[in-house]
Structure formats: structure tokens, C-alpha cells
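The values are calculated or read from the model by the stated rules, or taken from the named source; none is laboratory data. Every value quoted in this text rests on a predicted model; they were computed, and no experiment measured them. FYI the Cβ positions are ideal-geometry reconstructions off the backbone, even for glycines, and counts take in every protein chain you see.
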Amino acid sequence: MSGWPAIFSKFTNLIPFVSTGCSQCCLFVMSRCLKKSPHDQYFSVSCTHSTNVVPRKQKTKFYCCKSKSVSPFVQVVIMRDYHHDNVVDMYNSYLVGDELWVVMEFLEGGALTDIVTHTRMNEEQIATVCLSVLRALSYLHNQGVIHRDIKSDSILLTSDGRIKLSDFGFCAQVSKEVPKRKSLVGTPYWMAPEVISRLPYGTEVDIWSLGIMVIEMIDGEPPYFNEPPLQAMRRIRDSLPPRVKDLHKVSSVLRGFLDLMLVREPSQRATAQELLGHPFLKLSGPPSCIVPLMRQYRHH
């Protein structure tokens with residue numbers, strides 16, 4: 001345990017950041033680091049001390065995210081205040097030194113990235129993922145929340161195939177007073193052209209990123225992934241919208257779905273609510289249709 005914060009090794013006087021419940025301290029035991037990003041690290045941890053920090057049914061295991069996000073307060077407030085079946089639940093948050101630790105529900109199925117990089121998804125499975133993500137985005141966008149980092153790594157799965165949106169480290173709130181944002185944030189290959197160009201933008205950027213994620217589910221990676229990030233960003237900014245590698249392998253209904261998201265002019269992109277009515281989503285199946293994909297990548 002050497003080198004790990006005291007939050008994982010002993011009882012600690014934790015400082016509630018934005019509390020969602022009891023602020024008692026508890027004994028967190030780290031299992032392993034699940035993934036890293038420039039701003040965040042995700043750990044599988046368990047709670048071994050009786051406490052109300054997490055619900056009893058989730059007491060044995062859950063995620064803990066160590067964040068140095070540029071806007072941790074916004075991240076935690078959004079996760080605290082906005083609850084949806086397709087959004088990962090947050091249980092509590094703490095300041096440990098200059099780091100924000102967020103305790104959230106554990107999703108045993110891991111990230112969608114594991115699936116797209118090791119298996120190939122059929123259109124039923126792609127539609128099932130898109131339906132859940134669009135439900136989450138429609139809810140968040142109606143609350144004025146922009147996620148700003150939609151990609152396969154931000155999609156987590158339960159063991160029975162349910163799909164939830166996570167990774168709110170780059171999210172932003174828009175309102176009548178602040179209707180647009182201009183910050184250059186996100187992950188390069190999934191960024192919308194207007195973000196890269198530093199133009200004012202709104203919730204439309206999430207729709208572009210979802211379109212790129214659909215290509216990721218089809219091709220196994222986003223467009224320009226073999227190029228350095230800055231070069232890829234220039235291509236996204238200056239080129240026509242990207243397309244899947246083998247168009248003949250994609251149905252016309254899926255091509256039409258993609259064409260509504262990957263539109264350079266933000267005002268011409270479909271909204272999450274509009275996309276929920278698209279015929280492609282009628283191909284979606286039950287969450288259980290995702291389970292074989294998880295079995296495949298684990299045996300890869």
C-alpha cells in the first residue's frame with residue numbers, strides 16, 4: 001500500500017466535498033487500478049467498515065475515482081443532482097489533499113472500449129448501446145449539461161449488459177445566462193470541429209462525439225487513430241465528416257443514423273431527443289445481447 005493515499009490504508013478524517021449522504025469515514029481497501037486518463041484514475045475498491053457512505057447493496061465493491069479535473073465542483077454537483085438509469089450513480093465525494101475522490105457504483109462489465117478493441121459488434125448491439133447513451137444524453141442535455149467526452153471509454157457496463165454513461169470530468173453546465181462554451185476540452189479523436197476551432201458550442205458536441213463512437217463500434221477505433229493527436233485534430237477541423245472504413249458492410253439505416261450526427265454545422269445536427277426516434281434504434285435488443293461480447297473479450 002506504500003505510496004497510496006491514506007484513504008485506502010486506514011481510517012481517515014475525510015473532508016466531504018459535495019456530500020450525497022453520510023460523511024462518516026470508512027475503511028477503503030484498494031483492489032486495483034482499472035484505468036487512467038490525463039486527469040483521472042479509476043480504482044476498484046471495497047468498503048470494510050459499516051457506514052452509510054454507500055448503500056448496503058453496493059457496500060462490498062464500487063468505483064473510486066481520483067480526479068484532478070479542471071472543474072471538479074461541476075463534475076460532482078452534476079453527478080450528485082442528476083440521476084438516470086443510464087448514468088453512473090455517485091455515492092459520495094471527498095477532498096484528500098489537493099485531490100478529489102469520487103465514490104460511485106461499481107459496474108462489473110467494465111468499459112465499452114474493451115469490447116470495441118477485442119470483438120466486433122453487430123447492428124443490434126450497436127443500436128442497444130446508442131439507445132442507452134442517447135437516453136442519458138437527452139436527459140442531461142435537457143438539464144443544460146454537456147458531457148464533452150463521449151467515447152467508448154466513458155461507457156460502462158453491468159454484468160447483465162446494462163449501459164451507463166460515466167466520466168464527467170470534462171462536463172459543463174449551460175444556461176440562458178451562459179448558453180455556450182468555448183473551452184478546448186475532450187479527447188482529440190472524438191472532438192467536434194467547433195470545439196477544435198474554439199468556436200462557441202453547446203450540447204451538439206456530444207452528438208458529434210457519439211457519431212465518432214458509433215464508427216469506433218463499427219471499425220474498432222475512431223477515425224485518424226493512427227495519426228498523432230494534433231494532426232488528427234487538424235483533419236477533423238478542416239476535412240469533411242469522417243466515414244466508416246467499409247461502407248458496404250453497414251446498413252442504409254445505420255448510415256442514415258450516422259449522417260444525422262456527423263454534420264459539420266452544429267445547428268444541422270440532430271438532437272439526442274430527435275435521434276431517439278430514428279428507425280435504427282428499433283434494431284436495439286435487450287441488455288442481455290451485450291453479454292456475449294463481454295465473454296468474448298475476456299477470453300480473447
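Structure summary
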read-out	value
Restricting region 147-191 to residues that are in contact with a Gly (Cβ under 8 Å, 6 or more places away or on another chain) and hydrophobic (A, V, I, L, M, F, W, C), the residue that is nearest to Arg298 (Cα to Cα)	Leu157
Unique residue being hydroxyl-bearing (Ser, Thr, Tyr) and in the same structural domain as Tyr201 (by TED's automatic domain parsing) when the list is Ser93, Ser152	Ser152
Residue ID - nearest to Ala270 (Cα to Cα), chosen from residues in region 133-170 that are surrounded by fewer than 23 Cβ atoms within 10 Å (Cβ to Cβ) and among the hydroxyl-bearing types (Ser, Thr, Tyr)	Ser138
Residue tally, condition more than 18 Å from Glu227 (Cβ to Cβ), touching a helix residue (DSSP H, G or I) at 6+ places or on another chain (Cβ under 9 Å) and of a type in the set (Gly, Ala, Ser), over region 171-196	2
Checklist (1) out of contact with any Cys (no Cβ under 7 Å at 6 or more places or on another chain); (2) in a loop (DSSP other than H, G, I, E, B) applied to Arg148, failing item	(1)
Wholly within region 171-240, helices (runs of 4 or more DSSP H) carrying at least 1 residues that are modelled with pLDDT under 95 and surrounded by fewer than 20 Cβ atoms within 10 Å (Cβ to Cβ)	none
Test: Leu258 is in contact with a Phe, Trp or Tyr (Cβ under 8 Å, 6 or more places away or on another chain) and crowded, with 17+ Cβ neighbours inside 10 Å	no
Single condition Leu281 does not satisfy, out of (1) surrounded by fewer than 16 Cβ atoms within 10 Å (Cβ to Cβ); (2) at pLDDT 95 or above	(1)
Enumeration of residues in region 100-124 that are of a type outside the set (Val, Ile, Thr), part of a helix (DSSP H, G or I) and buried (at least 22 other Cβ atoms within 10 Å of the Cβ)	Leu112
Matching residues, region 241-280, being of a type outside the set (A, V, I, L, M), part of a loop (DSSP other than H, G, I, E, B) and over 27 Å from His141 (Cα atoms)	Lys245, Asp246, Ser251
